[in-house]
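The values are calculated or read from the model by the stated rules, or taken from the named source; none is laboratory data. Source: prediction; values computed, not measured. When we count neighbours, we look across all protein chains shown, and the Cβ atoms used for this are built from the backbone with ideal geometry, even at glycine. SASA here: full protein model, heavy atoms, side chains in, ligands and nucleic acids out. Shrake-Rupley method; radii C 1.70, N 1.55, O 1.52, S 1.80 Å.
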Amino acid sequence: MRRRPPPPCRRRAANKVTGAPPMGRGPGSGPGQLRESLNLPVTSGLGLAVSGGGDSMAMLHLLAPLRPRVATVNHHLRPEAEAEAAMVAQTCARLGLEHQTLHWHWDGRGNLSDAARRARRDLLAAWNPVVLLAHTQDDVAETFLMRLTRGAGVDGLAAMSPAFSHAGATFLRPFLHIPRATLRAYLTEIGAPWAEDPTNRDPHYLRARTRAALSDLPTEAIAQSARHLSEARQALDSLADLWAPKAFAEDRGTLLLRDLAGAPPETRRRLVTRALLWLAPAPYPPRGEALTRFLAALAQARPATLAGTRFDGKRLYREARSLPPDVPASQIWDARFTATAPPGATLGALGPDLPKDWRETGLPRAALASSPALRLEGRVISAPAIGVNQPETTIRPCFGEFLSLTAALSH
């Protein structure tokens, strides 16, 4: 909801209450200095994700001189959402910026918060190739404390990444070093409106309780601890990179287990997590007891399955029963493969369509069954794992080589 900016006397009071320094006092507090502190890798073709809240509205005003595109995602979960999107659109109109509202409706399946977050990223990635998010230093500290209460390890406690990729788009978080109070003070100084999400004060939500607790804690120091853990995470990933060729050998879309026993326990966990996500892409890696049991199976060369991946005692490969159905050949299948094929062809798992001499491939029957194949009118026209390749048909992996990938980082 749009609100009237306070008169000058109330602006000073607001700064005092929030602890924000008046704009112009101290280094890096003016608009130009704030923009310079962002160190944006690009300054053109930017897309701003603006919800109408204080952080994103400050980003909008600060970066308006760069002429970005602006989008607001309406999840249709709160009655205020439509008015907030309208406020952002009106602000963009005054600034001469392009604005678009992206809509999403929950289908009632899965965890609502997670579904909304993933849908927001999907919509924004399809909207613009470079998207800026207005997460602040306070968000880093809040996320740290929330994950601490859940017993998270290094990866969970590490500060959110300043840049990450999703669905072909690059997402940037240039405000992670800036306190929320500084951005609120900037908005107050220029008399710009913003909306307050009532759930941020509702004690039923963990984030609201965490935000209240942080009012008495050193936010900057907590955020700095999260950044130190990010450095530790990078060091652990580098060690996993060194161990990867010793631990696994890539073989036609499967992974042969070589030697994990000599690696440190944390390195083993990272390598196996990386293998699972390479073979069966997922929004989150498996954790906890399930991953511990799977690691034990690998150490003892015992067959096991986890997260859509099967281990037969020697080799890891995609589990056939967890595969999605066939799709038109023009689409991506299993988040892993794309193809070139005649009209009407479909892309999916090879399944039971194995030749009599399948053993000569050297791959297990189950691994072949889960490998990709193109079909036209029910007939296999391409299946690289068994050597079937008709002219002008190709199946290409969307993922890189296992040894070139780094472990999935927390976004």
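Structure data summary
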| read-out | value |
| --- | --- |
| Answer residue from segment 55-76, given it is closer than 14 Å to residue 182 by Cα and within 23 Å of the chain's Cα centre (by Cα) and is surrounded by the most Cβ atoms within 10 Å (Cβ to Cβ) among those | 59 |
| Single match in 269, 274, 302, 310 (criterion: at pLDDT 95 or above, crowded, with 20+ Cβ neighbours inside 10 Å and touching a helix residue (DSSP H, G or I) at 6+ places or on another chain (Cβ under 9 Å)) | 310 |
| Any hit, segment 298-317, residues being farther than 24 Å from residue 374 by Cα and assigned to a helix (DSSP H, G or I) | yes |
| Residue match in segment 284-294 (condition: part of a loop (DSSP other than H, G, I, E, B) and either touching an Asp or Glu at 6+ places or on another chain (Cβ under 8 Å) or of a type in the set (Gly, Ala, Ser) (or both)) | no |
| Of all residues making up segment 315-333, the number that are open to solvent by less than 20 Å² (accessible area, probe 1.4 Å) and either farther than 25 Å from residue 247 by Cα or out of contact with any Ser or Thr (no Cβ under 9 Å at 6 or more places or on another chain) (or both) | 2 |
| Test: residue in segment 123-132 that is within 16 Å of the chain's Cα centre (by Cα) and surrounded by fewer than 16 Cβ atoms within 10 Å (Cβ to Cβ) | yes |
| Residues located in segment 230-266, provided they are part of a strand (DSSP E or B) and open to solvent by 50 Å² or more (accessible area, probe 1.4 Å) | 250, 256 |
| Any chance residue 76 is part of a loop (DSSP other than H, G, I, E, B) and of a type outside the set (Gly, Ala, Ser) | yes |
| Condition met for residue 367 (in contact (Cβ under 8 Å) with a residue 24 or more places away in the chain and open to solvent by less than 50 Å² (accessible area, probe 1.4 Å)) | yes |
